[in-house]
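Participant: Before I ask anything, let me first share the structure, which is written out below as C-alpha cells.
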Amino acid sequence: MNIVPFQFKPSQSQDSLLARNTLLKLGDIVKIQVKRSEGGANNYQSFEVPYSQHMRVLDALNYIADHQAPDLAYRWFCGSKMCGSCAVRMNGREVLACWEAVLPEMTIDPLRNLPVIRDLVVDRTPYEKRVASYKPWLERDEPYSGFPEPLTHRDMKSVSKALDCISCMACYSACPVIGLGDLTNFEGPAPLVQLAQTMLDPRNGAKKVASTLESIDIFSCVSCYKCEEVCPSHIPIVSMIIEPLKRKVAEVHPEKARHALVFKSIIARRGWIDPTELVLRTQGFKALLNVRRVITLLLRGKVNPVKTLFGRAKVSAAAAARFITKDKS
Amino acid sequence: MRTITTDVVVIGGGAAGCYATLCLRKKGLRVVMICKGLIGKSGASIFAGNLVLSGRLLGNTEEQARSTAEFLIKYHNQFLIDQKWAKRCADWIQDCYYPELEEIGLYLRRNDEGEVVTNPGKIRGVAANVQGNSGVPFMDLRRKQIIRTGIERYEETVVTALLKRDDGSIGGVFALNYMTGERFVVQARATILATGYSDRLHKRSTGTRELSADGIAMAWRAGASMVNLEMQWWHTNDVAHPITWQRVQIYPNPILGSVHSARMVNNAGEEFFDQQKDDPMAFGPYTLQLKALYRQVQAKKARYDGDYFSGFDHIDKKEIDAYTTYSKAYKQLGMSGSDHLLETAVTAHYRQGGLLVDNTTMKSTVAGLYVAGGVGGHSNGLIALATYDGKVVADSVAADFDLLSVEPVSPSAADIEEKRIMSLLRSEGSKGCGPGEIKRQIQECMWDHVGVEKSATSLNLALEHLAHIRQQALPAMRLRQSGTLANYEWLDALDVINMLDATELIILASLQRQESRGPFMRLDYPDTDNKNWLAANIMHRTQSGIRFERIPYELPTFQPGFERKPNLEVGW
Amino acid sequence: MKLAYYPGCSAQSTCAELNTATLLVAKKLGLELTQLFTATCTGARELRAVDPLAFYSLNVRILALAEKDNLPVMTVCNTCTLNLLDAQTAFQEDPALAEKINERLAEEGLHYSGGTRITHFLWVLFEEIGEERLKSMFVRQLPGLNVAAFYGCHITRPPLQYGFVDSRNNTSLERLAVLVGSQPIDYTGRTECCGFHTAAEDENIAVNMTANHIASAKANGATAMVTPCPLCHTVLDTLQPEMNKGRKAPFKMPVLHLSQLVGLALGLEPDELKIDKHVVSVSNINRWFGRPPSVVERELA
C-alpha cells in the first residue's frame, strides 16, 4: 500500500507573521514553481529568485517576469493591498501576492473556483456577475435627509468591516462549499461580504432587504472559517458578516432559517440538543426513510428514543428558557 | 473588426471617468466606458487616503475654509492654478459632493455617538470608513453605480489611439482588450480622456501598474497642447522594502481624532520632520517634507531611495488604530505599529501638469477631445477635484452635443492602427530585448536623471538616453510569445511607445522652466522666480516640432508675496 | 489536575462513546473531572447566528459555573471550544454586554468575572500533562496504525482566536500519533471542514466534502482517522455509508475519537472505549498493536 507519511517542518512550530518575515536573508534563493497554462495540466515551471528585503510573492513574480519569463501572465495593479487583483495560491493557500511574504520554497497556482484565462490570471466575470445579481446598492425607504445624516458607528459596525473588502476573491477560492460547484446555490464568502455592505446598513429600505434576501442560500455556509483565514483584510467574515446576515434572513424569511430556529427552540425547551428531535423536526419524517441507517443508529446507541421523548435536564432547561428570546410566531 | 457607435466614449475608470459617465447617463446620453485596468479598482483614485472638507462643511470656520483654499493653491499647486476655478470647485464640494456621495451610501466615518470623525487643525478631513483607505469603498461604490446603470463598459481594455475624422477632430478611439486579444473601434461624438494623475514613468511610482502616460502620449500625437508637464509631485514617505510596496505610504497627514501624525528620522537617528511641528498648514505636507529630505540627502543622512525612516513610534497605538489603516504595513511585517519605524523612500507621485484645457468646458485644444481629472493640467491631486471635473465635462459635452460632428472617423485611421498593434506582436528572432526590459530602462533613466534633483545637464543626458532607446532598442523589441490571450508583453510593448513619447515631453518641459518651484527642483536654477515663472508652461505641437508659450496666472485671492527667493526657503 | 468537564450535547447523545472514553482516560491520566451537569448547549452555530445575546449568555453561564468551582473548563468538542472562547472574548471586550449577562446570571445566584480558562482535551494533553509524561504513561504502542489526523475547523480557525497564520501548521494530532507509536499520514483533508453544520438540514454538502477527505486519507495509506471533535466524527463515521453509495470500493475507514486513541495507548481495551459503537467497525484492531500484518492479511485488506 502507498503510504504518504506526514513530514514535520521546523517552520510549523512558529507560525507567526514575524517568523514568516525572518525566514530568509538577503542573497538567499527562493525556489518557485509556477503553474503555466501552456504545455498541459501539470506544467509547473521552476525558477530561482534571489531574496530581497521583505520580499513579497509579487516581487518574486515581477523578478521572474523581468529576468526569466517575460511571458508569464499574472494580474496586479496597485501592489499595496487596495485593488485586490493579485490573489494567487501559494503552496495551496490563497494569498494576496503583493501582501504575502515569500517562503523559501513556493508553488504558485491560480485561484480556484474561477476559469483560468492564462497562467495565473483568472476570469473575474463569474464573481462580478454574482455580486451584481444581488443589486448591491441602497434603496432607501425614507428620502435622504442631507449631509451629515443621522448614523452612528455602532449601527455600522458590521458594515464597516464589510467595507474593507477589496474583492480579491481569495475567500471565494478557499471556500469548500463554492468548491462543490452546482451542488448548492451558496453565494460564497466575498459575495456575501459585498451583499452585507448594503444589507446590514440601517439606511437600506426594508423592502429592498427583504426582496434581496429572498433568494439567498446563506445557510449552506459550513462555518469553516477558511474565508477568514485567507482574508488579507482580516474581515471576520463568519462572525461579523455571515452570522448577522443569517440573523437578518431569519427575521425577514424565517422559513429559510428553519434549521436554526428549530435548533433554538429545542435548546429553549431542553437546555441541550437532542439530535434526533433536531433532524426529525428539520427534515421531517423523510429522515426515517433511510431504514437501514435508523436501525444501525439504534443498535449502536447513537439515537435514544426514550431520551428524545422523555429526557429533559431541568436546571439547564430553565436557564435556557430564561435566556433565549421568544420567537414572535 | 467591430465598430461600436455611441454618443460619448470615456477613457478611464477612476473618479473622473466614472463621475463623467454617470452624469452623462443621467442626461440621457449613451456612453461607452473603456478602462485599461478595472473600473474603480485601478488608477490613482483608490489611493485617496482621506477626503478634505471644503468651505463651511461640518462646522468649518471661515478661517478653516480659507486655509483649505490656501492649501490647495499653495501646497498642492504652487500657485500654478486658476484661483477662480478653485473657488468654483470648493463651492461644489461644499454644496453637492458630500451630500451626493452620502445619499448613494458612502459611509463617512462616525463615532459611536454619531458624529462624523474629523481631524483637528486648520484644515479638516474625513474618511470613507477608514482613513488611509477611503478611496477603496469610494471607488467600489462608483463601480457599483456604473454596473447599476448597465453602461456598456470594457475593462482590461487599452485605448491605443485617438482616431480622427477627416476634418481633424477626434471621432473615437481604437481599443484592444488584452485579455481576449479583441481589437475594436468606438465612434463617438465626444471623446473624454480621463486617464489620471500618475504614471509609472519612474523606477518608483505611486501609479498603478497599467499607468504609462497613455493619455498624454495619445493626446499629443493627436495634436493636443500640454501645460506644466514638468510639475511632478513626490511622496517622501513610501515604504522602501519590499519593492512592491512603493505605494504603501506612511501618511504624514493629520490623523482622524488625534493631534499627532507621522515623523521622519534620518540615518543618524535624528528626527528631521514631524508633521505637526514642521508644517504650519498642518495638512498633507509633501513638498515641505521633500525639502527637509533634500537637506538630509545633502548632509548624507539619507538617500532618495532609502536610508531614512518614518513611523508613529511617538504615538499611542490606539490612536493610530482607531480610525486609520496606517499600521497595516508594520503589522504585516510582524512588527507592532507603535514601536517601529520603517525605512522609507521617495516615490514619483502625481503630475500636476497635463493637457491644456479650458477649465470652464474641459475642452482640450483638439476638437472633439475633452478632458477630466488628473490628466488635465489645470490642477493637482484630490479625488474631489477629479470628481468635479467629471461634472463639468458632462455639462459641457451635453451643452455642445447637438453641435458635435457625427461624421465617422477616417476609414484608414483604424486600419493603420490595427497594423501598428499587430506589428508589435512579432515574436520571431531573439535578438532584441523584451518590452518589459525597455520599460525598466526608461524608468531607471527617469529616476537617475529626472528625479527630485534636476539640472540642464541631467535632463539632456536623459534625452540622449531615451533617444538611444528609441533608435536602438525599440526597433529590435521582441516578444516571447505571440498569443493574444492575457499577453502582458503585448501591452508592455504599447506602453513603451507611450512612455517614450511622454517622458521626452516631460523632460523638454522641465528644461523650459528655468526656476525651482515646490517639488520641482533644478540645481541650476535654485530660486523660485515668481516674476517670470508664476506662469503656465505651455507646449503646442507644430508642424516643425514644439512651440512653447508662457502665460502668467492671475492671483485674485492668494499671492506668494515675493518675487524671487531660494526655493528651499519658501514655506510651500 | 482538577478540571470542570463540559462534554457538550454530542458526547451525551450521538457520540456517547466519547463521553465514556473521556471519563476513563481522564482517570488514567490523573485528571480529576467535575462534570458541569447543569450546563446547557453552547448553541453550536445556530444560536450564535439567530440569537447572539442568548448565545453569549449561555456560554458565559458555563464559564461562570466553572468559575464558581475555581476550575478551568475542559471540552471535548471543537465547536463548543470556539463558542466558549468567542463568548469569553465578547464578555471581556464589551462591558455593556458583560453587565447585561451578569444581571441575568444573578437570577440563579451566578456571577462571572471573566477569568475562566478554556481548554480542549487535546490541549490538556500537551499543556497540562506534556509529551514526556504522556510517553511514560503510554503502555501500549500502535505500530500497525497509520493514522490520518482530522482536526476539523473550530480548533484551528479563525486565526483571530487561534493565531495560526496557516491552520495547516497545527501538528498536535500528528505529534500525538507519533507518541502512541503509530505513523501519521499526510493527506489533503487534515484541517479541512467536515460540513457537519449544514448536515442536519441537508447532508449533501457534508457527504460530498468529507468523501474527498476520506478518499485522500485512504489513498495516502491511512488505516484509521482520529478527530478531536464529535461533530466531525459524526460526519466521518455515521455518514460514511452515505458516502459509500455508488462507490466501487467502499471506504471502510474506522474513525477514532481522540480520547479513544489515547485510551488505547494507555492500555484500555477497545470495548471499554466503546470503539464498537461506531458505525464503521474496525475489522481486526489487534493488528494496530504490536505485530505488523502478514502478507496474506495485507492482501486481504
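Only the coordinates and a few stated rules stand behind these numbers; no lab work does. Keep in mind the model is a prediction, meaning the values are calculated, not measured. Cβ: placed from backbone, ideal geometry, glycine included. Neighbour counts: every protein chain shown.
Participant: Between 0 and 90 degrees, rounded to the nearest ten: what's the tilt of helix C:78-93 against the longest Cα principal axis of chain C?
Facilitator: Result, in degrees: 30.
Participant: Using a Gaussian network for chain A with springs between C-alpha atoms less than 10 Å apart, which of these wobbles most: A:Leu114, A:Leu103, A:Leu280?
Facilitator: A:Leu280
Participant: Still on this structure: Relative to the longest principal Cα axis of chain A, at what angle does helix A:258-270 sit, 0 to 90 degrees, rounded to 10?
Facilitator: Long axis of A:258-270 versus the principal axis of chain A: about 50 degrees.
Participant: Another question about this same structure. Counting other C-beta atoms within 10 Å, which of A:Ser52, B:Ser336, B:Ser455 has the fewest, and how do the rest follow? Mind showing how you got there, number by number?
Facilitator: Working: A:Ser52 19, B:Ser336 12, B:Ser455 16.
Least to most surrounded, the residues fall as B:Ser336, B:Ser455, A:Ser52.
Participant: Sticking with this one: Too long at a 22 Å Cα-Cα cut-off: which of A:Lys208/A:Lys256; A:Lys307/C:Lys28; A:Lys81/B:Lys439; B:Lys27/B:Lys164; B:Lys144/B:Lys363?
Facilitator: A:Lys307/C:Lys28; A:Lys81/B:Lys439; B:Lys27/B:Lys164; B:Lys144/B:Lys363
Participant: How far apart, in nm, are the 7 Å Cα→Cβ label points at C:Ser281 and B:Ile416?
Facilitator: Those two pseudo-labels are separated by 8.7 nm.
Participant: Then there's this: Once the mean 1/r over all distinct Cα pairs of region A:58-190 is inverted, what Kirkwood radius in angstroms do you read off?
Facilitator: Roughly 17.1 Å, rounded to one decimal.
Participant: Determine the percent antiparallel among the DSSP beta bridges restricted to the protein assembly as shown, to the nearest 5.
Facilitator: The answer is about 60 percent antiparallel.
Participant: Short version: ³J(HN,Hα) in whole Hz for each residue of region A:189-198, in order, from phi by Karplus 6.51 cos²θ - 1.76 cosθ + 1.60 (θ = phi - 60°), x for Gly and Pro, what are they?
Facilitator: So the J values, rounded to whole Hz, are x, 4, x, 5, 5, 4, 5, 4, 3, 10.
Participant: Please turn the phi angles of region A:172-180 into ³J(HN,Hα) values with the Karplus equation 6.51 cos²θ - 1.76 cosθ + 1.60 (θ = phi - 60°), one per residue in order, whole Hz, x for glycine and proline.
Facilitator: Per-residue couplings from phi come out as 5, 6, 7, 5, x, 6, 4, x, 7 Hz.
Participant: A further question on this structure: Given H placed on each backbone N at 1.01 Å, which residues far from B:Thr324 in sequence or on other chains put an amide H within less than 5 Å of it?
Facilitator: Those qualifying (amide H under 5 Å, at least 5 residues apart or on another chain) are B:Gln131.
Participant: Given the convex hull of the Cα atoms of region B:174-297, what is a quarter of its surface area in nm²?
Facilitator: Projected over every direction and averaged, the Cα hull of region B:174-297 covers 12.0 nm².
Participant: Can you tell me which lysines have their Cα less than 17 Å from the Cα of B:Lys74? Leave out same-chain residues fewer than eight positions away.
Facilitator: B:Lys84, B:Lys87, B:Lys122, B:Lys291, B:Lys531, B:Lys565
Participant: In terms of the ratio Rg/(2.2 N^0.38 Å) built on C-alpha atoms, what value belongs to region C:114-168?
Facilitator: 1.44
Participant: Further question: Suppose each label sits 7 Å from its Cα in the direction of the beta carbon; what would the C:Glu99-C:Arg140 distance come out to in nanometres?
Facilitator: Modelled inter-label distance: 5.6 nm.
Participant: While we're on this one: Assuming 0.692 mPa s and 37 °C, estimate D for chain C with Stokes-Einstein, Rh taken as the Kirkwood radius over Cα pairs, in µm²/s.
Facilitator: It comes out at roughly 165 µm²/s.
Participant: Going by the alpha-carbon gyration tensor, a ≥ b ≥ c the square roots of its eigenvalues, is region B:332-392 rounded (a/c under 1.5) or, if a/c is not under 1.5, prolate (a/b greater than b/c) versus oblate?
Facilitator: In terms of gyration-tensor shape, prolate.
Participant: Let me ask another. Collect residues whose amide H, placed 1.01 Å from N in the peptide plane, falls under 5 Å from the amide H of B:Tyr154; neighbours closer than 5 in sequence don't count.
Facilitator: HN-HN under 5 Å from B:Tyr154: B:Met33, B:Ile34, B:Cys35.
Participant: Arranged by the count of other C-beta atoms within 10 angstrom, fewest first, what order do B:Lys391, A:Lys286 take? Let's see the in-between values first.
Facilitator: Details: B:Lys391 21, A:Lys286 8.
By the 10 Å Cβ count, ascending, the order reads A:Lys286, B:Lys391.
Participant: Still on this structure, please answer the following. Dividing the alpha-carbon Rg of region C:135-200 by 2.2 N^0.38 Å yields what?
Facilitator: Values: Rg = 14.0 Å, N = 66, 2.2 N^0.38 = 10.8 Å.
Taking the Cα Rg and dividing by 2.2 N^0.38 Å, one obtains 1.29.
Participant: Here's something else I'd like to know. In nm, give the distance between the simple-model label positions of A:Leu299 and B:Cys433, each being 7 Å from the Cα along the Cα-to-Cβ direction.
Facilitator: Here the answer is 7.6 nm between the modelled labels.
Participant: Check A:Asp119: other-chain or 5+ apart residues with amide H under 5 Å from its amide H, H built from backbone geometry?
Facilitator: Residues meeting the amide H criterion: A:Ser37, A:Glu38.
Participant: Roughly what angle does helix C:204-219 make with the longest principal axis of chain C, taking Cα atoms, 0 to 90 degrees, to the nearest 10?
Facilitator: Approximately 50 degrees, to the nearest 10.
Participant: Using all Cα-Cα distances in region B:1-145, what percent lands in each 5 angstrom bin from 0 up to the longest?
Facilitator: Bin by bin from 0 Å, the calculated values are 2, 9, 15, 19, 19, 17, 10, 5, 3, 1, 1, 0.
Participant: Mind jotting down a quarter of the surface of the convex hull over the alpha carbons of region B:59-146, in square nanometres, one decimal?
Facilitator: Working: hull surface 27.3 nm².
Over all viewing directions, region B:59-146 projects a mean Cα-hull area of 6.8 nm².
Participant: Now for a different question. Cα atoms only: what Rg and Dmax, in Å, come out for chain B?
Facilitator: Reported Rg and Dmax, both Å: 22.8, 68.
Participant: Could you give me the ³J(HN,Hα) list for region B:163-177, computed from phi with Karplus coefficients 6.51, -1.76, 1.60 and θ = phi - 60°, whole Hz, x at Gly and Pro?
Facilitator: Calculated HN-Hα couplings, in order: 9, 9, 8, 4, 7, x, 7, 7, x, x, 9, 9, 9, 10, 7 Hz.
Participant: A further question on this structure: How large is log10 of I(q)/I(0) for region C:143-301 at q = 0.11, 0.18 Å⁻¹ when the intensity is taken from the Debye formula with one equal scatterer per alpha-carbon?
Facilitator: -0.42, -1.14
Participant: Let me ask something additional. Please work out the Cα center distance from region B:1-69 to region B:153-172, rounded to the nearest Å.
Facilitator: Region B:1-69 and region B:153-172 have Cα centres spaced 20 Å from each other.
Participant: Whats the longest run of chain B with zero GluC sites (Glu not before Pro) that are DSSP loop and have at most 10 other Cβ atoms within 10 Å?
Facilitator: B:114-427
Participant: Under unit Cβ charges (Lys, Arg +1; Asp, Glu -1), what dipole magnitude, rounded to 20 debye, does region C:95-162 have relative to its Cα centre?
Facilitator: Values: 7 positive and 8 negative charges, 68 e Å.
Rounded to the nearest 20 debye, it is 320 debye.
Participant: At most 15 other Cβ atoms within 10 Å plus a DSSP loop assignment makes a site exposed; report the longest stretch of chain A without any exposed chymotrypsin sites (Phe, Trp or Tyr not before Pro).
Facilitator: Maximal segment without exposed cleavage sites: A:145-329.
Participant: Still on this model: Going by the alpha-carbon gyration tensor, a ≥ b ≥ c the square roots of its eigenvalues, is region A:1-67 rounded (a/c under 1.5) or, if a/c is not under 1.5, prolate (a/b greater than b/c) versus oblate?
Facilitator: Values: a/c = 2.54, a/b = 1.00, b/c = 2.54.
It is oblate, given that a/c is not under 1.5 and a/b is not larger than b/c.
Participant: Let me ask something else about it. Indicate the gyration tensor shape class of region B:343-455 (rounded, prolate or oblate), computed on the Cα atoms with a ≥ b ≥ c the square roots of the eigenvalues: a/c under 1.5 is rounded; otherwise a/b larger than b/c is prolate and the rest oblate.
Facilitator: Here region B:343-455 falls in the oblate category.
Participant: May I have the extent of the alpha carbons of region A:1-129 along their three principal axes, as whole Å values ordered from largest to smallest?
Facilitator: 45, 42, 29
Participant: If you find the alpha carbon centre of region B:298-356 and of region B:190-266, how far apart are they in angstrom?
Facilitator: Spelled out, the Cα-based centre of one part sits 15 Å from the other.
Participant: Grab the Cα-Cα distance for A:Ala41 and A:Ser211, subtract it from 0.36 nm times how many residues apart they are, and report the gain in nm with one decimal.
Facilitator: Between A:Ala41 and A:Ser211, full extension yields an extra 56.9 nm.
Participant: Still on this structure, please answer the following. If you look at just the Cα atoms of region B:1-74, how large are its Rg and its Dmax in Å?
Facilitator: Cα radius of gyration and Dmax of region B:1-74 are 17.5, 58 Å respectively.
Participant: Next up: Please report, in cubic angstrom per residue, the volume enclosed by the convex hull of the alpha-carbon atoms of region B:272-421.
Facilitator: Hull volume normalised by residue count: 210 Å³.
Participant: Let me ask something else about it. Beyond 20 Å, what percent of the Cα pairs of region B:367-430 remain?
Facilitator: 57 percent
Participant: Restricting the calculation to Cα positions, tell me the Rg (one decimal) and the Dmax (whole number) of region A:181-329 in Å.
Facilitator: 18.3, 55
Participant: To make sure I understand, if each residue's beta carbon is the centre and we count other beta carbons within 10 Å, what order do C:Lys274, B:Lys84 fall in, fewest to most?
Facilitator: B:Lys84, C:Lys274
Participant: Related question: Using only the alpha carbons of the protein assembly as shown, determine the length spanned along each of the three principal axes and report them from longest to shortest in whole angstroms.
Facilitator: On the principal axes, the protein assembly as shown reaches 98, 68, 62 Å in Cα extent.
Participant: Can you give the mean number of other chain Cβ atoms that lie within 10 Å of the Cβ atoms in peptide B:233-245?
Facilitator: Across B:233-245, the average partner-chain Cβ count within 10 Å equals 5.
Participant: Helix-only estimate, please: 222 nm mean residue ellipticity of the protein assembly as shown, summing -39500 (n - 2.57) across DSSP H runs of length 4 or more and dividing by its residues, to the nearest 500.
Facilitator: After summing the helix terms and dividing by residue count, I get -10000 deg cm²/dmol.
Participant: So, one more: So what's the net charge close to A:Tyr44: Lys and Arg +1, Asp and Glu -1, counting the other residues with Cβ under 9 Å from its Cβ? Mind dumping the intermediate values first?
Facilitator: Details: positive: A:Lys35, A:Arg36; negative: A:Asp109.
Here the charged neighbours net out to +1.
Participant: Further, regarding this structure: What is the diffusion coefficient of chain A in µm²/s, taking the Kirkwood radius over Cα pairs and the Stokes-Einstein relation at 4 °C with a viscosity of 1.567 mPa s?
Facilitator: 55 µm²/s
Participant: Please report, ordered by residue number, every helix of chain B (full DSSP H runs) that is 24 Å or longer along its axis going by C-alpha atoms and whose mean Kyte-Doolittle hydropathy reaches 0.5.
Facilitator: B:383-400, B:488-512
Participant: Below 10 angstrom from the Cβ of B:Pro254, what's the summed charge of the other residues (Lys, Arg +1; Asp, Glu -1)?
Facilitator: That sum, taken over residues with Cβ under 10 Å, equals +1.
Participant: Count charges around A:Asp164 for me, please; just the other residues with Cβ under 15 Å from its Cβ, Lys/Arg as +1, Asp/Glu as -1. Mind showing how you got there, number by number?
Facilitator: Values: positive: A:Lys81, A:Lys157, A:Lys161, B:Lys41, B:Arg109, B:Lys328, B:Lys331; negative: A:Asp201, A:Glu228, B:Asp140, B:Asp321.
Charge balance in the 15 Å sphere: +3.
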